[in-house]
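A.B. asks: First, the structure itself, so that you have it in front of you.
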Amino acid sequence: VPPFTKSTPSSPITTPTNSRRKSMIESPTVAEARREADEKRNAKYAKMERQREEVRQNIREKYNIKKKEESAPLPCEGRLTADKKGPIPLPDDDDSFDPIKMATEALNTITEKLPFKLPWK
């Protein structure tokens, strides 16, 4: 066979459906091995965290740093978020809001400050 020719297997590999189903169901030995591996992993990470906390404590002692204490969240009453903003309240229909009166007062104030007199005054 030349080195660059592609060879195909003589028969394709087939897996019966029963072996596929068996692989989906975990045997007790595999489950036990998985549980032991999980326990080892959890113990390893717990040990690493203890070592880290020791290093942190040494640094706190060396530099006189106080450990931050987690404060319990304060119980809140009512809404958890800010109050909803409603539409902007419009002024009441009273004499305090008169657009014509406001405009004439503004015009009179400006015309008083002008150095010359307007022809209609």
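A.B. asks: Could you run through segment 85-115 and say how many residues are among the acidic types (D, E), at pLDDT below 90 and surrounded by 10 or more Cβ atoms within 10 Å (Cβ to Cβ)?
C.D. replies: 1
A.B. asks: Looking at this structure, is E61 part of a helix (DSSP H, G or I), out of contact with any helix residue (DSSP H, G or I) (no Cβ under 9 Å at 6 or more places or on another chain), exposed (fewer than 10 other Cβ atoms within 10 Å of the Cβ) and at pLDDT 70 or above?
C.D. replies: Criteria met by E61.
A.B. asks: Something else: Among what's in segment 6-58 and is part of a loop (DSSP other than H, G, I, E, B) and at pLDDT 60 or above, pick the residue that is farthest from the chain's Cα centre (by Cα).
C.D. replies: S27
The values are calculated or read from the model by the stated rules, or taken from the named source; none is laboratory data. Since this is a predicted model, take the numbers as computed values, not measurements. All Cβ positions, glycine included, derive from the backbone under ideal geometry; neighbour counts span all protein chains shown.
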